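The values are calculated or read from the model by the stated rules, or taken from the named source; none is laboratory data. Note that the structure is a prediction, hence the values are computed from the model and not measured. Accessible surface is based on the protein model in full, side chains and every heavy atom, while ligands, DNA and RNA are left aside. Shrake-Rupley method; radii C 1.70, N 1.55, O 1.52, S 1.80 Å.
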Amino acid sequence: MAADLSQFIDIHVHILPGIDDGPRNLDESMAMAKAYVNIGVSRIIATPHFIPGTAWAAGLDCIADKLRELKELFARKDIPLTIFPGMEIAYHKKLMNRLEHGMLQSLGKSDVYLLEPSFSDSSNALLECACQMMASGRGVILAHPERIPSFQETTKPLVDLVDQGLLVQINIGSLLNKFGESSKKLAMHLIEKSSVHFLASDSHATTRRCPPSRIEWEVLKGLLGDDLLTRLCVTNPRSLVNYN
Ligand SMILES: [Fe+2]
């Protein structure tokens, strides 16, 4: 069956206003929402950055408030877009502690967490943390490893952990060569190894790093085929938001 863009559930989106490097205000959030509605997408997960010690570290209450504000706005303006809560959690030493204290937001209605690797550090501690999270019974999705230099050097530790249950999300922009050849190459390599479970936009705005266009969706179809695109963008994301 043809992969249907309107069924795409984008699990990695920076759309909440004023809490990270996504939209600065409600108007910009609204512009992103309209971009999704224009391509027929009706469900996304808001994943603001959580990077302790920086300005991008909104907690659960703040996320809930921003989400409520957007939902009310969408209801008033008749915007048919459902937003589920989420968080893009940067690896940090106190992550497990914060997790055990219920301070981190899972994706949608699941017990699965989106973990962001560092662009500059070794990935050893991050992968160890992912192991601990999985051992505690939670699911872990690693965000865009194809963009990370340590994974571009070697994929073995990552692929080994996928065999143990780690889930992997790659960015649509990587497949479209928006982050350079190395990212595209690793994204395709991980797909060939059956080590990718989710494809998401990681969108931040309506200009650069934005929701996919209909033309880009067709390019993705050509690259991956209908079945795989549907699995990565529709079927697997559905399990996070409990829609069957
Ligand atoms: Fe992100």
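At a glance:
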read-out: The chain: antiparallel DSSP beta bridges as a percent of all, rounded to 5; value: 5 percent
read-out: Candidate residues Arg138, Arg208, Arg238: accessible-area rank, largest first, probe 1.4 Å; value: Arg208, Arg238, Arg138
read-out: Eligible lysines near Lys93 by straight Cα distance, threshold 25 Å, same-chain separation 8 or greater; value: Lys156
read-out: Kirkwood hydrodynamic radius of the stretch 10-101, Cα pairs, Å; value: 13.6 Å
read-out: Asp65 accessible area, assembled protein chains, probe 1.4 Å, Å²; value: 80 Å²
read-out: Carbon and sulfur %, accessible surface of the chain computed with the full protein complex present, 1.4 Å; value: 50 percent
read-out: Percent of Cα-Cα distances greater than 23 Å, calculated over the stretch 158-244; value: 21 percent
read-out: Kyte-Doolittle at least -0.5, axis length at least 24 Å by Cα - qualifying DSSP helices, the chain; value: 60-77
read-out: Per-residue HN-Hα couplings for the stretch 48-53 [Karplus 6.51, -1.76, 1.60; θ = phi - 60°; Hz; x = Gly/Pro]; value: x, 4, 10, 10, x, x
read-out: Largest-first ordering by accessible area, 1.4 Å probe, given options Leu167, Leu114, Leu223; value: Leu223, Leu167, Leu114
read-out: Restraint check, Lys71/Lys109; Lys77/Lys109; Lys34/Lys178; Lys71/Lys185, Cα-Cα greater than 28 Å; value: Lys71/Lys185
read-out: Between the stretch 142-195 and the stretch 45-59, the alpha-carbon center distance in angstrom; value: 23 Å
read-out: GNM top mover of Cys62, Cys210, Cys233 - the chain, alpha-carbon springs below 10 Å; value: Cys62
read-out: Cα gyration tensor shape for the chain, rounded if a/c is under 1.5, else prolate or oblate; value: oblate
read-out: Accessible area (Å², per residue) of the stretch 5-241, counting only protein heavy atoms and a probe of 1.4 Å; value: 43 Å²
read-out: Highest-MSF residue in the chain out of Arg98, Arg214, Arg76 [GNM, Cα springs under 10 Å]; value: Arg76
